[in-house]
C-alpha cells in the first residue's frame, strides 16, 4: 500500500507504542499493564536489534505491528514472530493492516528470517481470514494437522 506511510519506531516512540498496545488490549478485553508501564517497557525494547515496531500513519499513528526476531537452529537467520498487529477501529478497512504486514514481511526477509509465526485466537475469524488472505497457514503443508499454540503463565 504505497499511500500508507509505515516507519520503524524508535525508543522516542515508546509512549505512542505503549498507548496503541494498551488500546488494543482494552478493546479486546485482554488484561494489560497501563499505557505508561507499557511505554516504559517499550523504551527498553525498542533499543534492541531483535525487536521491531512499525508505525502506520503520520504524527498520530493509526496502527502498529510489533515483531520479534529470535535465533533458531532451523534457519541461518532468525525466526520472526508477529507479536501484535493493531489498527485503530475508525481506521480499519483502509489497507493499513496490509501495509504494516507487508512491510514487516519485507523487513524480516531483509534480515534473513526463515519463517514468521503469528498466534491468533480461534474465535477471531476476521484476523484469521486476514492472515490467510496474506498466505499464512495453520495447517502443516501436506497434512490435515492444525498447528496449535499452548501457553503457561510463569
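The values are calculated or read from the model by the stated rules, or taken from the named source; none is laboratory data. In this text, all values refer to a predicted model and were calculated from it rather than measured experimentally. Methodologically, a virtual Cβ is constructed for each residue, glycine included, from the backbone with ideal geometry; neighbour enumeration extends over all protein chains shown.
Which pairs turn up if I take residues in the range 131-154 that are assigned to a helix (DSSP H, G or I) and look for partners that are at pLDDT 90 or above with beta carbon separation below 7 Å, at least 6 apart in sequence or on another chain?
Matching pairs, first to second residue: 131/118; 131/120.
Take the residues in the range 58-77 that are surrounded by fewer than 21 Cβ atoms within 10 Å (Cβ to Cβ) and under 16 Å from the mean Cα position of the chain (by Cα), then tell me which one is nearest to residue 12 (Cα to Cα).
Kept after step one, since they are surrounded by fewer than 21 Cβ atoms within 10 Å (Cβ to Cβ), are these residues of the range 58-77: 58-60, 68, 70-77.
Okay, now just the ones that are also under 16 Å from the mean Cα position of the chain (by Cα), so 68, 70.
Working: 68: 19, 70: 23 Å.
Looking at the filtered set, the residue picked out is 68.
Scan the range 8-44 residue by residue and report those that are over 29 Å from residue 109 (Cα atoms), exposed (fewer than 14 other Cβ atoms within 10 Å of the Cβ) and without any contact (Cβ under 8 Å) to a residue 12 or more places away in the chain.
Within the range 8-44, 26, 28, 29, 30, 31 meet the criteria.
Would you mind stating whether residue 133 is surrounded by fewer than 19 Cβ atoms within 10 Å (Cβ to Cβ) and either in contact with a strand residue (DSSP E or B) (Cβ under 8 Å, 6 or more places away or on another chain) or under 23 Å from residue 19 (Cβ atoms) (or both)? Steps first, answer last, please.
Details: surrounded by fewer than 19 Cβ atoms within 10 Å (Cβ to Cβ): yes; either in contact with a strand residue (DSSP E or B) (Cβ under 8 Å, 6 or more places away or on another chain) or under 23 Å from residue 19 (Cβ atoms) (or both): no.
Taking the combined requirement at face value, the residue does not satisfy it.
Residues being under 17 Å from residue 54 (Cα atoms) and within 14 Å of the chain's Cα centre (by Cα): count how many of those fall in the range 102-152.
Count: 10.
Does any residue in the range 55-81 that is at positive phi come within less than 6 Å, Cβ to Cβ, of a residue that is surrounded by fewer than 21 Cβ atoms within 10 Å (Cβ to Cβ) and at pLDDT below 95 six or more places away or on a different chain, and which pairs are these?
none
State yes or no: is residue 16 touching a strand residue (DSSP E or B) at 6+ places or on another chain (Cβ under 8 Å) and assigned to a loop (DSSP other than H, G, I, E, B)?
Working: touching a strand residue (DSSP E or B) at 6+ places or on another chain (Cβ under 8 Å): yes; assigned to a loop (DSSP other than H, G, I, E, B): no.
It is false that residue 16 is touching a strand residue (DSSP E or B) at 6+ places or on another chain (Cβ under 8 Å) and assigned to a loop (DSSP other than H, G, I, E, B).
Just one of the numbered conditions (1) surrounded by 12 or more Cβ atoms within 10 Å (Cβ to Cβ); (2) without any contact (Cβ under 8 Å) to a residue 60 or more places away in the chain; (3) touching a helix residue (DSSP H, G or I) at 6+ places or on another chain (Cβ under 6 Å); (4) outside any helix (DSSP H, G or I) is not true of residue 47; which one?
(1)
Restricting attention to the range 89-121, which residues are out of contact with any strand residue (DSSP E or B) (no Cβ under 7 Å at 6 or more places or on another chain), without any contact (Cβ under 8 Å) to a residue 60 or more places away in the chain and part of a helix (DSSP H, G or I)?
We begin by selecting, within the range 89-121, every residue out of contact with any strand residue (DSSP E or B) (no Cβ under 7 Å at 6 or more places or on another chain); these are 89-90, 92-95, 98, 102, 106, 109-110, 112, 119-121.
From the residues that got through so far, the ones that are without any contact (Cβ under 8 Å) to a residue 60 or more places away in the chain too are 90, 92-93, 106, 109-110, 112, 119-121.
Listed by number, the residues that qualify are 90, 106, 109, 110.
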